[in-house]
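Q: Sharing a structure with you now.
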Amino acid sequence: MLNKIKSAEVRYYEMTKYMSIMIKRAPRETIKALQSDGYRKIDIAKLMPALMDCPDDARIYAREFVEDHCIKQRRSQESSVHNMCFYLYAKSDNSQDLLDYLRKEEIRHSANQQIHFDVTYALNVCKQMQNNFAKEQESQDGSNNRFTSLNTKIKDMKKAQIILFGILNVH
């Protein structure tokens, strides 16, 4: 719909203004539009807060958009973009993805390459997610699959925090 607007300035303004609604109602279509030439010069950092509202079933597409399109293709070094990438990894159903991502960042840090996400923010996200998983686990029967899954996620969030403390050089 916004692609029909001829003026790039107006199109960018409208996308930024309505992104939080569009990402909730049509997440895949919105992300696909953002990857098109019609939005190649939009300020992607301004779009990041709206991605927090991305539905769970589209979060993988949001993460791929941020990581592949914003960071790798457009080479964004904005901390808000990298923080969103971290957040989307942390919210992933597969916590192993987060650990793999952090191990790559740890290697980059060891090679004296800059890490663009805020490590303190990342620690806070991991701690909050660990707490949320623990609260949910308290309401579960210890013999069901969800309890076991939550236990794994809690352990993975602890591992993520250890990696982050290593990046901070805190032992």
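Read the figures in this text as sums done on the coordinates, not as results from a lab. If you're wondering where the values come from, they're calculated on a predicted model, not measured in any experiment. Here Cβ is always computed from backbone atoms with ideal geometry, including for glycine, and neighbour counts include all displayed protein chains.
Q: With charges set only on the Cβ (+1 for Lys and Arg, -1 for Asp and Glu), what does the dipole of the stretch 95-171 come to about its Cα centre, in debye to the nearest 20?
A: Rounded to the nearest 20 debye, it is 120 debye.
Q: What is the packing order of peptides 127-133, 159-165, 84-90, taking the mean over residues of other C-beta atoms within 10 Å and listing the highest first?
A: Output ranking for 127-133, 159-165, 84-90: 84-90, 159-165, 127-133.
Q: Further, regarding this structure: Given TYR89, ILE167, CYS54, which one lies farthest toward the positive end of the charge dipole of the chain, if we put +1 on the Cβ of every Lys and Arg and -1 on the Cβ of every Asp and Glu?
A: Among TYR89, ILE167, CYS54, the one farthest towards the positive end of the dipole of the chain is CYS54.
Q: What lysines does LYS91 reach when the alpha-carbon gap must be under 25 Å and sequence neighbours fewer than 8 apart in one chain are set aside?
A: Filter leaves LYS17, LYS24, LYS32, LYS46, LYS72, LYS104, LYS127, LYS135, LYS153, LYS155, LYS158, LYS159.
Q: Sticking with this structure for a sec: Computed from these coordinates, which is Cα extents along the principal axes in Å: (1) 56, 42, 18; (2) 74, 54, 34; (3) 62, 39, 26?
A: Checked against the structure: label (1).
Q: Taking H as built 1.01 Å from N, whose amide H comes closer than 5 Å to the amide H of ASP118, not counting residues under 5 places away?
A: ASN83
Q: One-quarter of the Cα convex hull surface for the stretch 125-171, in nm²?
A: So the mean shadow area of the Cα hull is 3.2 nm².
Q: Using amide H atoms built in the peptide plane, which far-off residues or other-chain residues are under 5 Å from GLN35 H to H?
A: none
Q: Using only Cα atoms, locate the centre of the stretch 32-65 and the centre of the stretch 118-171, then give the distance between them in Å, rounded to an integer.
A: When both Cα centres are located, 26 Å separates them.
Q: Per DSSP H run of n ≥ 4, the term is -39500 (n - 2.57); total these for the chain, divide by its residue number, and report the mean residue ellipticity at 222 nm rounded to 500 deg cm²/dmol.
A: -20000 deg cm²/dmol
Q: Return the single residue from ASN83, ASN94, ASN112 with maximal mean-square fluctuation; model: Gaussian network over the chain, springs between Cα atoms under 10 Å.
A: Result for the chain, Cα springs under 10 Å: ASN112 fluctuates most.
Q: Quote the charge dipole size of the stretch 1-93 about the Cα centre in Debye, to the nearest 20; the model charges only the Cβ of Lys and Arg (+1) and of Asp and Glu (-1).
A: With only Lys, Arg, Asp and Glu charged at Cβ, the dipole is about 320 debye.
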